[in-house]
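Chemist: I'd like to ask some things about the structure below.
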Amino acid sequence: MRIFKTTLLILLTTLAINLNAQNEIIINKALEIQCEEDSNEESKEEKPFVFVEQMPSFVGAEMAMVEFIHTNLVYPEEALKEGVQGRIVIRFVVTRDGDLTDITVLRGIGHGCDEEAVRIVESMPRWTPGSQNGVAVPVYYTLIVPFRLPAKDTGVAD
């Protein structure tokens, strides 16, 4: 009976040591995975979101942005001469600080209008950044900048 107890004690001790070693391996692996996820999250943080809980906005709301574009837009001479009008689709990133970066023309009309639309966006003041879970994050934003030819004066009074 004494040999049985001793053997049982040795087996339980060996089992406990093995379980402890396996637990340490599992814990170390879990820590490695957590570290990898943390480093991946840091790199993901820099990747802009497409949709967030609170989208970025021009300071003063949409009507202020329309007024800003209308006031600052200079119709390119070439576009005026050629009678070009239309809408430019621009995408940019509003950073977590509200700066505008990575300005790209997705659909343009040429004749200097694309460049003018980019110039307008570059000259905009800082925006209110977008947020996800209450934290400011970089967000893609798509904007349409319209180019309409000025109405010709017909000489007829209204």
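Chemist: What's the extension gain from Arg91 to Gln132 if we count 0.36 nm per residue and subtract their Cα-Cα distance?
Modeler: Details: separation 41, 0.36 × 41 = 14.76 nm, distance 1.98 nm.
Extra length from Arg91 to Gln132 when fully extended: 12.8 nm.
Chemist: Can you tell me how much longer the chain between Tyr75 and Arg148 gets when fully stretched, taken as 0.36 nm per residue apart minus their C-alpha distance, in nm with one decimal?
Modeler: Details: separation 73, 0.36 × 73 = 26.28 nm, distance 0.87 nm.
Working it through step by step, the gained length comes to 25.4 nm.
Chemist: So what is Rg over Rh here for segment 78-158, counting just Cα atoms and using Kirkwood for Rh?
Modeler: 1.16
Chemist: Using label points projected 7 Å from each Cα along Cα→Cβ, tell me how many nm separate Val66 and Phe51, to one decimal.
Modeler: 2.5
Chemist: While we're here: Below 8 Å between Cα atoms, with a sequence gap of 6+, how large is the relative contact order for segment 92-158 in percent? Don't jump to the answer; show the numbers that get you there.
Modeler: Values: 69 pairs, mean separation 25.1, N = 67.
Taking the mean separation of contacting Cα pairs over the length of segment 92-158, I get 37 percent.
FYI, it's all coordinate maths here, none of it is from the lab. Everything quoted here is computed from the prediction, not taken from an experiment. No Cβ is skipped: glycine too gets one built from the backbone with ideal geometry, and neighbour counts run over all protein chains shown.
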